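Quick notes on the structure that follows.
Where a number appears in this text, it was derived from the coordinates with a stated rule and is not lab data. Bear in mind that the values here come from a model prediction, so they are computed numbers and not experimental data. All Cβ positions, glycine included, derive from the backbone under ideal geometry; neighbour counts span all protein chains shown.
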Amino acid sequence: MEGTAVVLDYTVGESVSAFLAKKRQLLIGGEWVDAASGKTFPVYEPATGEIIAHVAEGEKEDIDRAVKAARKAFESGPWPNMTPSQRGKLIWKLADLLEQNLEEFAELETLDNGKPITVSRAADVPLAVDLFCYMAGWATKIHGETIPISVPYMPGAEFHAYTLREPVGVVGQIIPWNFPLLMAAWKLGPALATGCTVVLKPAEQTPLTALRLGELFQEAGFPPGVINIITGFGESTGAPLAAHLDVDKIAFTGSTEVGKLIANAATGNLKKVSLELGGKSPTIVFSDADLAVAIPGAAGAIFFNHGQCCCAGSRLYAHKSVFDRVVDGVSAEAQKIKLGPGMDPTTEMGPMISEEQMTVVTGYIESGLSEGAKAVVGGKRSGSKGYFVEPTVLVDTNPQMKVVREEIFGPVVCVQPFDDDDLDRIAQEANDTIYGLAASVFTTNLSVAHKIAKKIQAGTVWINSHNVFDAALPFGGYKQSGWGREMGKESLNLYTQVKSVVATL
Ligand code: NAI
Ligand code: MG
């Protein structure tokens, strides 16, 4: 393995250096302002552990200011008076600006998060652009219905009844660090398409692209207060947003543990809640699978984005007739992966997001090994600078082990054999988890593929692939993986509410 990280002397664009050089403030009511406390916090580059920027540390008072600005923008001024077409055009303009600045956003994302620059360029930024374009189109297509009604206790009466689909109001959005820009897009796109206003809290590890996006919202011409951005920490910034009595809806992506805190915090005013939480997704390789597809597919399912994906295929089930070939193949793929700083264009896997996350992941590996699992490849930290972990393939695991039950959020897969083609038994094992975010199935038998897709309790099932995302495709979790769906037409339901209007003629 090209294990040890080498830190390169890479150069970044001038606009990126200029952005990093200046203390980054909060966006409230269309103005960039310091935190009320004047506090800031450092942002680290995970490949080196060095400080690359300083951002304002928003707290409760700043959340209050931002919610006030969002409320004002929701109720008065240009935003509520804009036509759906005008709103759609603004969102499209934002998408255009983002696309024009693709390289700058890709560099910022890679510095901040550590992911390979090739991935930021090819996936994170283009997917965010696409999401905004998709949602721009929806702005003019959100509407109620006319409904013929009968009302049996009013014989002979005539009615005209219809529904209005209205924006839910001021929305708080709390996002994680694994896809910082893309998660901001998933949240902001439907909120803006439906006419809501937003207070966005980026993850403390990765606030930079959301802040730069704030500048583009201003450049695109969004009215002040429609998008407010408060950087800060979970308990001191996220929690007051989730609990705020004048926030109508809270949308969260992150750990299941914090998702439960958010749901509790929302009870004060019973604000609407949507949650996109953790996963422990199964990848199932049947005996008839095309291994030339299944092996790279299963490897990509776990190793993409360093395993820091809520939908990572972290439990791999391979039929006993192909088990050895799958283990060998996925292990060979793991060994080929080139670790390094994200800014090196030859890097295929970057560091974990933080020292804390690296310690969590290596701790899980150690717990698996101490319970009798065996690492075919990987099994420890890579190098001593930055937060790199070796891509790891574990065998000899059992369904009781922590590594099989809990979300690791790192490049660690547990491979287990199954010994028959009884779909119910396989589905039962795949479903033996508190989570239900995603799954993938590799088989050349169409009937098996669609039958198992029905039996698996997960929000997404991929057949002969993994990690296929699109702005038009709903994404979200069954069971403790969450509430509601993001992207697609489904996501609009989370940001609107329905009013029935009845006229007696
Ligand atoms: P986290 O769930 O603590 O953080 C996610 C976001 O929630 C961040 O913006 C954070 O500031 C905020 N937050 C934290 N505590 C909060 C609170 N009490 N009230 C309101 N907001 C709060 O995730 P963390 O600590 O970064 O990672 C821990 C584990 O969570 C990971 O190892 C992984 O298993 C899981 N995770 C899952 C993600 C997903 O995409 N489903 C994304 C990030 C983490
Ligand atoms: Mg946390």
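Could you tell me whether I434 is surrounded by fewer than 24 Cβ atoms within 10 Å (Cβ to Cβ) and more than 28 Å from F252 (Cβ to Cβ)?
Criteria not met by I434.
What pairs come up if the first residue lies in the stretch 217-243 and is without any contact (Cβ under 8 Å) to a residue 40 or more places away in the chain, the second is more than 16 Å from ligand 2 (Cβ to nearest atom) and not in a strand (DSSP E or B), and their beta carbons are under 8 Å apart, counting only those six or more places apart or on different chains?
A243/A266; A243/G268
Please find, within the stretch 97-137, the residue that is surrounded by the most Cβ atoms within 10 Å (Cβ to Cβ) out of those that are touching a residue at least 40 places away in the same chain (Cβ under 8 Å), over 13 Å from A210 (Cα atoms) and of a type in the set (D, E).
Restricting to residues being touching a residue at least 40 places away in the same chain (Cβ under 8 Å), over 13 Å from A210 (Cα atoms) and of a type in the set (D, E), the top hit is E107.
From the list G363, G350, which residue is touching a Lys or Arg at 6+ places or on another chain (Cβ under 6 Å) and either closer than 28 Å to D112 by Cα or among the β-branched types (V, I, T) (or both)?
Details: G363 fails: touching a Lys or Arg at 6+ places or on another chain (Cβ under 6 Å).
Only one candidate passes the filter, namely G350.
Here are some residues: D470, D419. Which one is under 22 Å from the mean Cα position of the chain (by Cα) and farther than 28 Å from A47 by Cβ?
D470
Would you mention how many residues in the stretch 378-406 are within 16 Å of ligand 1 (Cβ to nearest atom) and farther than 25 Å from E45 by Cβ?
Here the count works out to 5.
T140 passes all but one of (1) in a helix (DSSP H, G or I); (2) touching a residue at least 60 places away in the same chain (Cβ under 8 Å); (3) polar (S, T, N, Q); (4) more than 30 Å from E348 (Cα to Cα); which number fails?
With (1) in a helix (DSSP H, G or I); (2) touching a residue at least 60 places away in the same chain (Cβ under 8 Å); (3) polar (S, T, N, Q); (4) more than 30 Å from E348 (Cα to Cα) applied to T140, the lone miss is (2).
Here is a list of conditions, (1) out of contact with any His (no Cβ under 7 Å at 6 or more places or on another chain); (2) within 30 Å of E390 (Cβ to Cβ), and P411 meets all of them except one; can you say which number that is?
That leaves (1) as the condition not met.
Filter the stretch 410-430 for residues that are away from ligand 1 (no atom under 16 Å from the Cβ) and either in contact (Cβ under 8 Å) with a residue 40 or more places away in the chain or buried (at least 20 other Cβ atoms within 10 Å of the Cβ) (or both) and give the result.
V415, Q416, P417, F418, D419, D421, I426, A427, E429, A430
Just one of (1) surrounded by 24 or more Cβ atoms within 10 Å (Cβ to Cβ); (2) more than 10 Å from ligand 1 (Cβ to nearest atom) trips up E276, so point out which.
Status for E276: all satisfied but (2).
V198: among the β-branched types (V, I, T) and crowded, with 24+ Cβ neighbours inside 10 Å, yes or no? Quick ask: steps written out before the conclusion?
Values: among the β-branched types (V, I, T): yes; crowded, with 24+ Cβ neighbours inside 10 Å: yes.
The answer is yes for V198.
Here are the criteria: (1) in a loop (DSSP other than H, G, I, E, B); (2) under 21 Å from I353 (Cα atoms); (3) of a type outside the set (V, I, T). Tell me which single one G156 does not satisfy.
(2)
Given the criteria in a loop (DSSP other than H, G, I, E, B), within 16 Å of ligand 1 (Cβ to nearest atom) and crowded, with 24+ Cβ neighbours inside 10 Å, does G225 qualify? Talk me through it step by step, then tell me what you get.
Numbers: in a loop (DSSP other than H, G, I, E, B): yes; within 16 Å of ligand 1 (Cβ to nearest atom): no; crowded, with 24+ Cβ neighbours inside 10 Å: yes.
Here the answer is no, as G225 does not meet what is asked.
Filter the stretch 314-368 down to the residues that are surrounded by fewer than 20 Cβ atoms within 10 Å (Cβ to Cβ), among the polar types (S, T, N, Q) and out of contact with any Ser or Thr (no Cβ under 6 Å at 6 or more places or on another chain) and list them by number.
Scanning the stretch 314-368 gives Q335, T346, S354, T359, S367.
Among the residues of the stretch 196-211, which ones are part of a helix (DSSP H, G or I), in contact with a helix residue (DSSP H, G or I) (Cβ under 6 Å, 6 or more places away or on another chain) and more than 12 Å from ligand 1 (Cβ to nearest atom)?
Once the filter is applied, which keeps residues that are part of a helix (DSSP H, G or I), in contact with a helix residue (DSSP H, G or I) (Cβ under 6 Å, 6 or more places away or on another chain) and more than 12 Å from ligand 1 (Cβ to nearest atom), the stretch 196-211 yields L208, T209.
Filter the stretch 242-270 for residues that are closer than 20 Å to F179 by Cβ and more than 13 Å from ligand 2 (Cβ to nearest atom); which is farthest from the chain's Cα centre (by Cα)?
I250
For the subset of the stretch 290-335 comprising residues that are touching a residue at least 60 places away in the same chain (Cβ under 8 Å), over 30 Å from T206 (Cα atoms) and in contact with a Gly (Cβ under 9 Å, 6 or more places away or on another chain), which member is farthest from ligand 2 (Cβ to nearest atom)?
Among those residues, the one meeting the criterion is A294.
Being within 22 Å of S481 (Cβ to Cβ) and under 23 Å from the mean Cα position of the chain (by Cα) is true for just one of T359, T397, T433. Which residue is that?
Every option except T433 fails the conditions.
Tally up the residues in the stretch 258-273 that are within 11 Å of ligand 1 (Cβ to nearest atom) and farther than 15 Å from K479 by Cβ, please.
Summing the residues that are within 11 Å of ligand 1 (Cβ to nearest atom) and farther than 15 Å from K479 by Cβ in the stretch 258-273 gives 6.
Would you please name the residue that is farthest from ligand 2 (Cβ to nearest atom), looking only at residues in the stretch 159-195 that are assigned to a strand (DSSP E or B) and crowded, with 24+ Cβ neighbours inside 10 Å?
Within the stretch 159-195, the match that is farthest from ligand 2 (Cβ to nearest atom) is V170.
Among the numbered criteria (1) among the small types (G, A, S); (2) outside any helix (DSSP H, G or I); (3) buried (at least 17 other Cβ atoms within 10 Å of the Cβ), which one does A69 miss?
(2) is the only condition that A69 fails.
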